[in-house]
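**Q** Just dropping this structure here.
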Amino acid sequence: MDVAALAEASYVLDRVTAAADDGTPDVAVINDVALLHRLRAMGSGESFEERHACGAMQVLAYAIDPAAVAPDVREEAATAIAQGAPTDLRAALLRGLQGNASAVRAAFRRQPDPQLADLYVRAFQRLIEFAGPDVSGYPSRLLDYAAALDLRCDFLQSDGDLADLNEAIDVTDQALTVGADDPATVIRAHKLRGPILVHRDEIRPGSSDLAAAGDSFRALVELTDENDPQHADHLSRLATVQRLLRERS
């Protein structure tokens, strides 16, 4: 299944999320997205992400109208619901959007492509727009989106355009603010923030980015145990930034 099919699914999911705000989404198009992921799973060696996305979309369709899904799909969806899959419309749709986003990310990692990079970013942006800040997992969704922006920038080698890096840094800082009480969120955010700031400094030297990157690497040194396999890497990155700052002073 080519990238164009995922692009069509992205367009459909934008319509579905808009419809969820105004009423009930069209079950037929949700069934189409579920089928797409099923077919992609078959073509990619039973990709876990594709199968999960298919299952989540099937549950969503079943939750809206059980009679609108095929009998075999109805049975699969009923089993998933019995095992704890949500049936509330917004919760089921969020689970479906998460499944789609994970599948698109996996597709990009398997075979990077400029259009897939855009779809990857949009999939995680859509999650933030739909769920908002009040649904559990908001800091994690922000960091997923920041990582997508960073990857797109690296893949497209868009060094002349700082838009993705600027937004990735802003979103990471937002995650640090809203997830300040969660050590795992703070560590993950600094792991993203430090290298992104270094990258932006390489493109636009002379700003405060390098010092800010040093703050992130210092935080990682302080937050990780000395026996952590990544502790030495954080120390090395911090030392490199400190050396560069001394050379500039």
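The values are calculated or read from the model by the stated rules, or taken from the named source; none is laboratory data. Since the structure is predicted, the reported quantities are computational estimates derived from the model, not experimental observations. Every residue, glycine among them, receives a Cβ derived from its backbone with ideal geometry; neighbour counts consider all protein chains shown.
**Q** Tell me the residue from Ala56, Ala20, Ala41 that is of a type outside the set (Lys, Arg), closer than 19 Å to Ala91 by Cβ, at pLDDT below 95 and assigned to a helix (DSSP H, G or I), please.
**A** The conditions single out Ala20.
Conditions tested, residue by residue: (1) buried (at least 21 other Cβ atoms within 10 Å of the Cβ); (2) under 14 Å from the mean Cα position of the chain (by Cα); (3) not β-branched (Val, Ile, Thr).
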residue	(1), (2), (3)
Phe108	yes, yes, yes
Ser140	no, yes, yes
Ala146	yes, yes, yes
Gln157	no, no, yes
Asn166	no, no, yes
Ala175	yes, yes, yes
Val186	no, no, no
Gly194	yes, no, yes
Arg200	yes, no, yes
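**Q** Can I ask one more? What number of residues within segment 220-249 are over 26 Å from the mean Cα position of the chain (by Cα), surrounded by 15 or more Cβ atoms within 10 Å (Cβ to Cβ) and closer than 19 Å to Leu176 by Cβ?
**A** Counting residues in segment 220-249 that are over 26 Å from the mean Cα position of the chain (by Cα), surrounded by 15 or more Cβ atoms within 10 Å (Cβ to Cβ) and closer than 19 Å to Leu176 by Cβ gives 2.
**Q** Still on this structure: If you go through segment 204-219, how many residues are part of a helix (DSSP H, G or I) and either among the charged types (D, E, K, R) or more than 22 Å from the chain's Cα centre (by Cα) (or both)?
**A** Result for segment 204-219: 10.
**Q** Same structure again: Could you go through segment 68-77 and let me know if any residue there is under 25 Å from Arg141 (Cβ atoms), surrounded by fewer than 16 Cβ atoms within 10 Å (Cβ to Cβ) and not small (Gly, Ala, Ser).
**A** For segment 68-77, residues under 25 Å from Arg141 (Cβ atoms), surrounded by fewer than 16 Cβ atoms within 10 Å (Cβ to Cβ) and not small (Gly, Ala, Ser): absent.
**Q** Out of the helices (runs of 4 or more DSSP H) lying entirely within segment 64-131, which hold 2 or more residues that are touching a helix residue (DSSP H, G or I) at 6+ places or on another chain (Cβ under 8 Å), modelled with pLDDT under 95 and farther than 30 Å from Val171 by Cβ?
**A** Correct list: 71-82.
**Q** Residue under question is Asp201, and the condition is that it be over 23 Å from Asp144 (Cβ atoms), of a type in the set (Asp, Glu) and in a loop (DSSP other than H, G, I, E, B); does it hold?
**A** Answer is no for this residue.
**Q** Is at least one residue of segment 124-145 β-branched (Val, Ile, Thr) and closer than 30 Å to Asp209 by Cα?
**A** yes
**Q** Quick check: anything in segment 222-233 farther than 12 Å from Leu165 by Cα and either of a type in the set (Val, Ile, Thr) or touching a Leu at 6+ places or on another chain (Cβ under 6 Å) (or both)?
**A** Within segment 222-233, one or more residues are farther than 12 Å from Leu165 by Cα and either of a type in the set (Val, Ile, Thr) or touching a Leu at 6+ places or on another chain (Cβ under 6 Å) (or both).
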